[in-house]
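Colleague: Sharing a structure here in structure tokens format.
Each reported figure results from applying straightforward, stated rules to the coordinates on display, with no laboratory input. Predicted model only: the values in this text are computed from it and were never measured. Cβ placement follows ideal geometry from the backbone for every residue including glycine, while neighbour counts extend to all protein chains displayed.
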Amino acid sequence: MHEEDMPVNAALKTYLETRRSVPAFQMSEPGPSRAEIEDMLRLARRVPDHGKLAPWRFVVYAGAERERISLELAKVAMSNKPDMDDEMIAVEKTRLTRAPVVIAVISRAAPHVKIPEWEQVLSAGAVCLNLVMAANALGYAANWLSEWFAFDESVYPLLGVADGERVAGFIHIGTPQIQTVERPRPELADIVTFAGE
């Protein structure tokens, strides 16, 4: 199909022109239902995936499990930093409870005879963004975060992350409490090079 034959998707273009993340602490109930979460995950998996490896998977944190894991993470954080002040301790205790649902995108990228590992990592990143957009498409706010525990392998068993896996991101999903506003974006002249012109 030639470019001139492809219809313009005005709704998608408008969405991309205005897409913004909502801070996780500015989300509230209601969160997505189990059926809506499954819809989001079906949409999120539609990403470039050289070799059809699906080098990623999802862990969904919902309900009381979010609080249990958050409190365990707080214990680790306080052990790592005994002089942590009360305000930061309160933050640590709410790591997975700020939004009604948090979904971890887990990268399973590994050496492969044909597919570069870097391409597999990029595919997991694409899944993160697709999940953000899928949540938005279903009417929810979303935010892609990493946080310290994405990089601390000692808490991977608590998070359901297996040996050899890494966390590509935690996608927080809920109902926005605020109206998003635009933020500065880089000027094209600062980030674009047209080769061959």
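Colleague: Asn80: net charge of surrounding residues, Cβ under 12 Å, Lys/Arg +1, Asp/Glu -1, itself excluded?
Modeller: Result for the neighbourhood of Asn80: -1.
Colleague: Let me ask something else. Take the alpha-carbon centre of the stretch 151-186, take the same for the stretch 1-58, and report the distance between them in whole Å.
Modeller: 15 Å
Colleague: For the stretch 1-151, build the charge dipole from Cβ charges (+1 Lys, Arg; -1 Asp, Glu) around the Cα centre, then report which of Met6, Ala90, Gln120 sits farthest towards its positive end.
Modeller: Gln120
Colleague: Another question about this same structure. Mind putting together the pair-distance distribution for the stretch 101-175? All Cα pairs, 10 Å bins, whole percent per bin, short to long.
Modeller: Per 10 Å bin, starting at 0, the Cα pair percentages come out as 20, 45, 29, 6, 0.
Colleague: Using a 7 Å offset from the Cα along the Cα-to-Cβ direction at both Ser154 and Ser33, what is the distance between the two label points in nm, to one decimal?
Modeller: Placing both labels 7 Å beyond Cα along the Cβ direction yields 4.2 nm.
Colleague: Please give the charge dipole size of the stretch 1-140, origin at the Cα centre, charges +1 on K and R Cβ atoms and -1 on D and E Cβ atoms. Round to the nearest 20 debye.
Modeller: 360 debye
Colleague: While we're here: What number comes out for the charge environment of Arg185, summing +1 per Lys or Arg and -1 per Asp or Glu over other residues with Cβ under 12 Å away?
Modeller: -1
Colleague: If the elastic network links every pair of Cα atoms under 10 Å, which of Leu73, Leu145, Leu53 fluctuates the most in the Gaussian network model of the chain?
Modeller: Largest GNM mean-square fluctuation: Leu53.
Colleague: Please report, largest first and rounded to whole Å, the three semi-axes of the ellipsoid equivalent to the chain, where each semi-axis is the square root of five times an eigenvalue of the C-alpha gyration tensor.
Modeller: Taking √(5λ) for each Cα gyration eigenvalue gives 31, 22, 18 Å.
Colleague: Can you give the net charge of the other residues whose Cβ lies under 14 Å from the Cβ of Val102, counting K and R as +1 and D and E as -1?
Modeller: 0
Colleague: To test your reading of the geometry: what angle, between 0 and 90 degrees and rounded to tens, separates the Cα axis of helix 117-137 from the longest principal axis of the chain?
Modeller: That helix lies at roughly 90 degrees to the long axis.
Colleague: Now for a separate question. Please build a GNM for the chain, connecting alpha carbons under 10 Å apart, and tell me which residue among Lys114, Lys75, Lys93 fluctuates the most.
Modeller: Lys114
Colleague: Can you tell me what percent of all Cα-Cα pairs in the stretch 22-112 are more than 18 Å apart?
Modeller: 58 percent
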